[in-house]
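To keep things clear, I will list the structure first and then write my remarks on it.
The values are calculated or read from the model by the stated rules, or taken from the named source; none is laboratory data. Since the model is a prediction, treat every value here as computed from it, not as a measurement. Neighbour counts are summed over all protein chains in view; Cβ atoms, including those assigned to glycine, are modelled from backbone coordinates with ideal geometry. Note: accessible area is taken over every heavy atom of the protein model, side chains too, but ligands, DNA and RNA are not part of it. Shrake-Rupley method; radii C 1.70, N 1.55, O 1.52, S 1.80 Å.
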Amino acid sequence: MKNIFGKEEDLKLYDHENGVAIYEFIKKSNGYSYEITRDKHGSELTFKNSDGYSCEYTRDEHGNELTFKDSDGLTRGINK
């Protein structure tokens, strides 16, 4: 896996106005890596890892989960 700039190095991007990390890419020494995006509240929107697992959320304006789906086929939320 590579970060959003196409590099295999750790990267964190912040929303300085709200004081939260909105993007994070971490690569461990054992080769495992993961990427997370967050909304302005710091609530997770997407996650994916080098093992092939991924998930995504939709959230309301307060950061509450509306829907969820993952690469294993699990879904929940509105109109489920």
Which of (i) 13.5; (ii) 14.4; (iii) 12.7 is the computed Kirkwood radius over Cα pairs in Å for the structure on display? (i)
Could you check how much of the accessible area of the chain is carbon and sulfur, as a whole percent, using a 1.4 Å probe? 45
Mean accessible surface per residue for the chain, computed with a 1.4 Å probe while every protein chain stays in place, in Å²: 68
Please state, as a whole number in µm²/s, the translational diffusion coefficient that the Stokes-Einstein equation yields for region 1-40 at 10 °C and 1.306 mPa s, with Rh defined as the Kirkwood radius across alpha carbon pairs. 150
Most to least packed among 33-42, 20-29, 56-65 [average Cβ atoms within 10 Å]: 33-42, 20-29, 56-65
Putting +1 on Lys and Arg Cβ atoms and -1 on Asp and Glu Cβ atoms, find which of Gly19, Tyr53, Asn64 reaches farthest to the positive end of the dipole of the chain. Tyr53
Number of Lys-Lys pairs in the chain under 16 Å by Cα, sequence gap 8 or more or different chains? 15
